[in-house]
1. For a quick protection proxy, order the peptides 131-140, 35-44 by their average other-Cβ count within 10 Å, most packed first.
2. So which residue, out of 170, 212, 150, gets the largest mean-square fluctuation from a GNM of the chain using Cα contacts under 10 Å as springs?
3. How do 22-32, 62-72 rank on mean C-beta neighbours within 10 Å, highest first?
4. For the chain, what does -39500 (n - 2.57) per DSSP helix run (n ≥ 4), summed and divided by total residues, give at 222 nm, in deg cm²/dmol to the nearest 500?
5. Once the piece of chain linking residue 52 and residue 241 is laid out straight, how much longer is it, given 0.36 nm per residue of separation minus the C-alpha distance between them?
6. Please work out the C-alpha center-to-center distance from segment 186-242 to segment 100-136 and express it in whole Å.
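FYI, it's all coordinate maths here, none of it is from the lab. All figures in this text were calculated on a predicted structure; none of them were measured in a lab. Backbone-built Cβ (ideal geometry, glycine too); neighbour counts: all protein chains shown.
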C-alpha cells in the first residue's frame, strides 16, 4: 500500500541501503520487490518497513510497506500496489530495476504479528492488498512445516486482482496446507460456484472456528472492511483480545 507510515514508528532504527535483487509482477497493478539488505536484523510476520526515495534535487518521500517474505528467507520482499497519484508506488512498480538501490528502515510494528509459537487455529481475513502481511504469516507457517489449522478468507474484485493467486491455490492443495477461500465481488472465473459477494456475517461464521476454539484472528484491508469484519467476529463470540486488525487506506485494487 502507498500510505503514510502506520503503527509504531521506525524512530531510532537506522536507514539501510537495500539493493533490488528481483522483481515479480503479481497483478497488472501489483509488483513484488525483492531486496538484499545488508545488516537486516530480521523481522516477525506481520511487520512492515519504511521505504525512502531520494530525488536528484534532494527531495525525499517515505512510505510504509508490509513485508511479504517470511523471517526464514534471506532476502526481504515487499509487495507494492500502484496508486496512480502516489509519490512512491508508481516508481517502485514501473521504474525500479534489478540492481537499483533504495533505503529501508525497520522492522516496525509489534501488535499485528503472528508466530508459530503462538499456536492456532489461525483465521486470516484479507481485503485487496491487505493480503500482504497475512501472506507473510502463511509463508512462515509453511516454512516451519506447521500443521496447525489455518484458514484464509480473501476478498478481491476479480481473479485478476487476486495477489499471490497461484501460490495461494497451490498452498491450499498441499498436504496440511492452509484452507484458502476466495470471494470475488465483481468479476468471477468462468463456471465459478464459490463465494461472490463482500465479506458478511454468514461468510465469517462459515470460515471461523467456534469461539471456544480460541482462534487467533488477523484482519487486514481497507478500514471499512476491517472494522465491519472485526465487529461481526466479536458479535459472534470471538475474544476481541485475539482479533488483531490493520487498516489500509483506499486503493484501486480493494473491493
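1. Details: 131-140: 26.2, 35-44: 14.6.
Those peptides, ordered most packed to least, come out 131-140, 35-44.
2. Ranking 170, 212, 150 by mean-square fluctuation puts 212 first.
3. Numbers: 22-32: 16.8, 62-72: 21.7.
Result, highest mean first: 62-72, 22-32.
4. Details: 4 runs with 42 residues, N = 255.
Only helices count here, giving -5000 deg cm²/dmol.
5. Numbers: separation 189, 0.36 × 189 = 68.04 nm, distance 3.37 nm.
Length gained, residue 52 through residue 241: 64.7 nm.
6. 18
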